[in-house]
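For reference, the structure discussed in these notes is given below.
The values are calculated or read from the model by the stated rules, or taken from the named source; none is laboratory data. Because the structure is predicted, anything quoted here is derived from the model rather than measured. Cβ: placed from backbone, ideal geometry, glycine included. Neighbour counts: every protein chain shown.
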Amino acid sequence: MSRKNQKAPWEPEEEIIWVSKSEMKRDMEALQKLGEELVNLKPNALAKVPLDEEMLEAVKDAQRFNKEARRRQLQRIGKLMRQVEVEPIQAALDKINNKHNQATAELKKLEQKREKLIENGDSMINAIMVDHPDADRQRLRQLVRQANKEKAQNKPAKAYREIFQYLKELYLED
């Protein structure tokens, strides 16, 4: 009996994973898009992303360049991205983007509070006073009355905006 084609049971089998050329291109384009996201960041946000010296320099250069030079620099960044670990960079970008989304959601909640405040008046003012005992009850009542009056007379919504600013001071200072 010949055992030419059979492996010994103690030798681990190696699994060969074939990657198509188009899949490799998709991966490279994804890395380039990630690099483009880095280039579009503001300097204070870019400082929060864990980048090595060479990558950081390439990103800063791309931020200065225009048109064709920028396109070539983005390709270079994509090439550099293949040599670094992408997960921490992606996690930092997700965190930065999520902060923006959270801030937007908080502002929407404040807008809803303002609407309820104008509709419900004193009952909503009491709820706000429970959350923030240092809030100025008299100022809130005055602003609500002015907002209702402006709405009834079809005047510009000055008090409406002031209510939002006041709520923003109260809730976002925490």
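For this structure, a couple of remarks:
- Test: residue in the stretch 73-85 that is farther than 17 Å from Leu170 by Cα, under 15 Å from the mean Cα position of the chain (by Cα) and not hydroxyl-bearing (Ser, Thr, Tyr): no
- Filter pass, Gln102 being assigned to a helix (DSSP H, G or I), touching a Phe, Trp or Tyr at 6+ places or on another chain (Cβ under 7 Å) and not acidic (Asp, Glu): no
- Of the residues making up the stretch 23-77, those that are surrounded by 15 or more Cβ atoms within 10 Å (Cβ to Cβ), over 18 Å from Asn97 (Cα atoms) and among the small types (Gly, Ala, Ser) number 2.
- Top-ranked residue in the stretch 110-125 [being closer than 15 Å to Tyr171 by Cα and without any contact (Cβ under 8 Å) to a residue 40 or more places away in the chain; ranked as surrounded by the fewest Cβ atoms within 10 Å (Cβ to Cβ)]: Gln112
- Where Ala45 falls short, out of the listed (1) in the same structural domain as Gln146 (by TED's automatic domain parsing); (2) modelled with pLDDT under 80; (3) of a type in the set (A, V, I, L, M): (1)
- Residues in the stretch 128-174 that are surrounded by 13 or more Cβ atoms within 10 Å (Cβ to Cβ) and among the aliphatic types (A, V, I, L, M): Ile128, Met129, Ala135, Leu140, Leu143, Val144, Ala147, Ala157, Ala159, Ile163, Leu167, Leu170.
- Residue check for Ala127: within 30 Å of Glu37 (Cα to Cα) and assigned to a helix (DSSP H, G or I): no
- Residues satisfying the stated conditions in the stretch 36-53, i.e. of a type outside the set (D, E, K, R) and over 16 Å from the mean Cα position of the chain (by Cα): Pro50, Leu51
- Condition met for Glu119 (out of contact with any helix residue (DSSP H, G or I) (no Cβ under 6 Å at 6 or more places or on another chain) and over 26 Å from Val39 (Cα atoms)): yes
- Residue within the stretch 81-101 that is at pLDDT 85 or above and more than 19 Å from Ala58 (Cβ to Cβ) present: no
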